[in-house]
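Before any comments, here is the structure.
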Amino acid sequence: MAADLVGKGADGLPDGGAWLFAETGGASPAEAAARAEALCRAARADGATGHALVTDPAGQRALWRIREDASGTATRMPDGSEAWPGWEDCAVPPAQLGPYLRDFRSLLAQHGLRGTPYGHFGDGCIHVRIDFDLLTPPGIRRFREFSTDLAALVVAHGGSLSGEHGDGQARAELLPAMYGDELVGVFGRFKDLWDPAAGLNPGMLVRPAPSTPTCASPRCRPARSRWSSATRTTTATSPPPSAAASASPSAVRRSSVRDRPTSCVRRTAPPATSSTPPAGAPGCCTRCWPAR
């Protein structure tokens, strides 16, 4: 599935382009080993290219360390370029995992993207870091187009856009693809019953802000703010914990553009709507120019 990303010479692993780790248990070490051997025979009969049975604790720990380090190592592609989170935990029924992964890889190629999938394959849940260009307007447009296409693909395979974590800022805008407009509208009405002033998490799951910024100016994107549709005041938010939870120091330093909202500056009053960016300020949005 990912031989082009893995390459040759994966020491200690059987031949192949992808690997599935499975643990077996039993009343005794011998019983656990026997069950593992039976599982390996079944996998071989089902078309697996090879298998390795590891019984010593040190060897098991070394294999699971590969999985634990995946979120950090996957932030760098083999050529040294960066890969980003954003589609971290789409999930499909386990029986659909193979067809979904093949279609997922085809979609990446269609958009000229690369990504190394890892995660909870036994549950049909896929983690992946993808080499999005999040610094230029064409790259951001590609991110948005890919996100829309992938949401449709996940739903076509009977899956969920957020199989393990939450929809957050990255995928809330795409929830109608999974639930339909009518049910998403019910979500909104239910929230309004408990939060009529729209003060709790404005711009998130209910009436979400766009997942990509509307202003192309690099000066606009770093600031973070949210506009409440009811109070018209800005609520400054912090980066989501998931963005800082990676084991990779470089991943902690970086902040994905997809986590940044459409408003460009922190304000305590609605922005002026009559002002327009003067000549010589290309790429700035009319909403954030008055604050410069």
Review point. Any chance segment 26-33 includes a residue that's out of contact with any Cys (no Cβ under 7 Å at 6 or more places or on another chain), assigned to a helix (DSSP H, G or I), exposed (fewer than 12 other Cβ atoms within 10 Å of the Cβ) and not polar (S, T, N, Q)?
Key: yes
Study note, to complete from the structure: Residue pairs within 9 Å by beta carbon, gap of at least six or interchain, first lying in segment 58-72 and part of a helix (DSSP H, G or I), second surrounded by 12 or more Cβ atoms within 10 Å (Cβ to Cβ) and of a type in the set (V, I, T), listed first then second, are Q60/V54; A62/V54; L63/V54; I66/T73; A70/T116
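Among the listed residues G72, G112, which satisfies the condition of being exposed (fewer than 11 other Cβ atoms within 10 Å of the Cβ) and under 19 Å from the mean Cα position of the chain (by Cα)? Before the answer, list the steps.
Numbers: G72 fails: exposed (fewer than 11 other Cβ atoms within 10 Å of the Cβ).
Answer to the selection: G112.
May I ask you to verify whether V128 is under 20 Å from D167 (Cα atoms) and in contact with a helix residue (DSSP H, G or I) (Cβ under 9 Å, 6 or more places away or on another chain)? First the steps, then the outcome.
On the way: under 20 Å from D167 (Cα atoms): yes; in contact with a helix residue (DSSP H, G or I) (Cβ under 9 Å, 6 or more places away or on another chain): yes.
Criteria met by V128.
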Study note, to complete from the structure: Subset of segment 101-148, residues within 23 Å of D79 (Cα to Cα) and of a type in the set (S, T, Y), comes to S106, T116, Y118, T136
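Looking only at segment 133-152, count every residue that is crowded, with 19+ Cβ neighbours inside 10 Å and in a helix (DSSP H, G or I) and tell me the total. Break it down into steps so the answer makes sense when it comes.
Taking segment 133-152 first, the residues crowded, with 19+ Cβ neighbours inside 10 Å are 134, 140, 143, 146-147, 150-151.
Adding the requirement that they be in a helix (DSSP H, G or I) leaves 140, 143, 146-147, 150-151.
Final tally of qualifying residues: 6.
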Exercise for review: Identify the single condition in (1) in contact with an Asp or Glu (Cβ under 7 Å, 6 or more places away or on another chain); (2) within 15 Å of D149 (Cβ to Cβ) that D89 does not satisfy, given that it satisfies every other one.
Suggested key: (2)
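Among the residues of segment 120-132, which ones are of a type in the set (A, V, I, L, M, F, W, C) and either over 17 Å from G17 (Cα atoms) or outside any strand (DSSP E or B) (or both)?
F121, C125, I130, F132
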Practice item. Six or more apart or on different chains, Cβ under 7 Å: which pairs go from a residue in segment 95-109 that's within 24 Å of R144 (Cα to Cα) to one that's among the basic types (K, R)? Could you list them? Key: L108/R114
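Under the condition of being of a type in the set (A, V, I, L, M, F, W, C) and closer than 14 Å to Y118 by Cα, which residue from segment 55-76 is modelled with the lowest pLDDT?
A70
Can you pull out the residues in segment 42-57 that are part of a helix (DSSP H, G or I) and surrounded by 12 or more Cβ atoms within 10 Å (Cβ to Cβ)?
Within segment 42-57, the first condition is being part of a helix (DSSP H, G or I), and the residues that meet it are 42-45, 57.
Within segment 42-57, A43, R44 qualify.
Mind checking which residues of segment 166-205 are in a loop (DSSP other than H, G, I, E, B) and either of a type in the set (S, T, Y) or surrounded by 14 or more Cβ atoms within 10 Å (Cβ to Cβ) (or both)? Step through it out loud before you land on a result.
So the first thing to find is which residues in segment 166-205 are in a loop (DSSP other than H, G, I, E, B), and the list is 166-167, 180, 195-205.
G166, D167, D195, A198, N201, P202, G203, M204, L205 - these are the residues of segment 166-205 that are in a loop (DSSP other than H, G, I, E, B) and either of a type in the set (S, T, Y) or surrounded by 14 or more Cβ atoms within 10 Å (Cβ to Cβ) (or both).
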Check your understanding: Limited to segment 73-94, what total is found for residues that are acidic (D, E) and free of Cβ contacts under 8 Å to residues at least 60 places away in the same chain?
Key -> 1
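Can P117 be described as farther than 17 Å from E145 by Cα and outside any helix (DSSP H, G or I)?
Working: farther than 17 Å from E145 by Cα: yes; outside any helix (DSSP H, G or I): yes.
Yes.
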Check your understanding: Applying the selection to segment 130-162, what residues are polar (S, T, N, Q) and farther than 15 Å from E173 by Cα?
Key -> T136
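The values are calculated or read from the model by the stated rules, or taken from the named source; none is laboratory data. This structure is a prediction, so every number in the text was calculated from the model and none was measured. Glycine also receives a Cβ, built like all others from the backbone with ideal geometry; neighbour counts cover every protein chain displayed.
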